[in-house]
Each structure stands twice: as structure tokens, then as C-alpha cells.
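The values are calculated or read from the model by the stated rules, or taken from the named source; none is laboratory data. Just so it is clear, the model here is predicted, and its values are computed rather than measured. When we count neighbours, we look across all protein chains shown, and the Cβ atoms used for this are built from the backbone with ideal geometry, even at glycine. These accessible areas exclude ligands, DNA and RNA; they are computed on the full protein's heavy atoms, side chains included. Shrake-Rupley method; radii C 1.70, N 1.55, O 1.52, S 1.80 Å.
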Amino acid sequence: MSTPEFIRTIRASAGHQLLWLPGVTAIVFDDEGRVLLGRRSDTGQWAVIGGIPEPGEQPAVCAVREVFEETAVRCVAEQVVLVQALEPVTYDNGDVCQYMDITFRCRAVGGEARVNDDESLEVGWFAVDALPDLNEFGLFRIKQAMTEGPTWFDPTTFG
């Protein structure tokens, strides 16, 4: 995965210390109710689409941009379905990041799903009852995007 230039600039002075960063996830559905997934080039695993907003970029704009950059699918963000602080991640080079993930339910409005950058090996639409092997992160976000309830957050944080 490509590290955004603004993070490389921060890392030049911050070293490997923990960076607290925003992240977005886009759960994109088509008119048939299928979900858009990409098979990541760094892990070879199927995953939901996501990324890091550029400084000043609105989270929903980032979600739409990331979907197009990775899959060539045009979408609109319809609703925030989840907000969650994730556990810190230590990368192979020693950099430590912790993300505040904002997950959006999105609707596809155009484009044909295809690999559109070097972050994916494959992209495709999947029926929610016939998903490829996904981690809990992706499965939980798809489940939340399918519910009509309020935005999910971790209720245990309120004592």
C-alpha cells in the first residue's frame, strides 16, 4: 500500500512513534445488493475498500475517491454506519499507527469494477450470502451497512 506523501513528511520528523490518523471504509452496494470487494496486493486477502483522507479532505469525499481509485466504480456515500477507534498497528518498518475508522454505506452509480491501481489484485461484486473469506473487520462493517439502525459505536466506552 502506498503511504501518502503527507504521512512521509510527518514521519521524517516523528520517526516511528504512534501516529493517530483518520481512516475511512466504504461498503459499496450495487442495485442487486451485492457488495464491492478488492483482493489486496499486499496480503492477497479479499477486503472492503478503504483509505486515509488527505489533509482537509472530508471523510465521505475520501470514501468515494478511494472506491474510484481502487476499483473504477463511481459511488455516492449515503450514511455513516460505524465509527471506531482501532487497535494500534505496527508495520514491518517499525512505524506505529492507530486509526479512527469511519465506515460509510455507499451506493454504486457508475463505472465497471476492475483493478484501477496497484493496491488490488482483483476486484469484484459479491452477494452478501456468498462472500469470499473475509476478516472480522470487513464482515462486521458489511453487517452494519446492511442494518437500518443508528450509527454503530462501542457502547462499552460509556461505563
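At a glance:
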read-out: Surrounding net charge for Leu121, when Lys and Arg each add one and Asp and Glu each subtract one, Cβ distance under 13 Å; value: -3
read-out: Selected from Pro55, Pro132, Pro22 as most flexible by GNM, with the chain as the system and alpha-carbon contacts under 10 Å; value: Pro55
read-out: Read-out P(r) over Cα pairs in 5 Å bins from 0, in percent, derived from the coordinates shown; its label in (1) 2, 8, 16, 17, 14, 11, 9, 7, 6, 4, 3, 2, 1, 0, 0; (2) 2, 9, 18, 22, 21, 15, 9, 4, 1, 0; (3) 2, 11, 21, 25, 22, 13, 5, 2, 0, 0; value: (2)
read-out: Solvent exposure ordering (accessible area, 1.4 Å, most first) of Thr156, Thr43, Thr71; value: Thr156, Thr43, Thr71
read-out: Share of carbon and sulfur in the accessible heavy-atom surface of the chain [1.4 Å probe, %]; value: 54 percent
read-out: Shape of segment 72-159, Cα gyration tensor, a/c cut at 1.5; value: oblate
read-out: For a label point 7 Å along the Cα-to-beta-carbon line of Asp30, residues of segment 81-122 with backbone N under 11 Å; value: 108-114
read-out: Gaussian network model of the chain, Cα within-10 Å springs - most flexible of Asp129, Asp30, Asp42; value: Asp129
read-out: DSSP-assigned coil residues among GluC sites (Glu not before Pro) in segment 34-136, each with at most 15 further Cβ atoms within 10 Å; value: Glu57, Glu112
read-out: Cα centroid separation - segment 136-154 against segment 59-111, whole Å; value: 14 Å
read-out: Sequence-separation-based contact order of the chain, relative, with Cα cut under 8 Å and 6+ spacing, percent; value: 30 percent
read-out: Residue of Gln58, Gln45, Gln79 that the Gaussian network model of the chain assigns the largest fluctuation, springs spanning Cα pairs under 10 Å; value: Gln58
read-out: Sparsely packed chymotrypsin sites (Phe, Trp or Tyr not before Pro) within segment 22-103, loop by DSSP, other Cβ within 10 Å at most 16; value: Tyr91
read-out: Å² per residue, accessible surface of segment 7-159 at 1.4 Å; value: 55 Å²
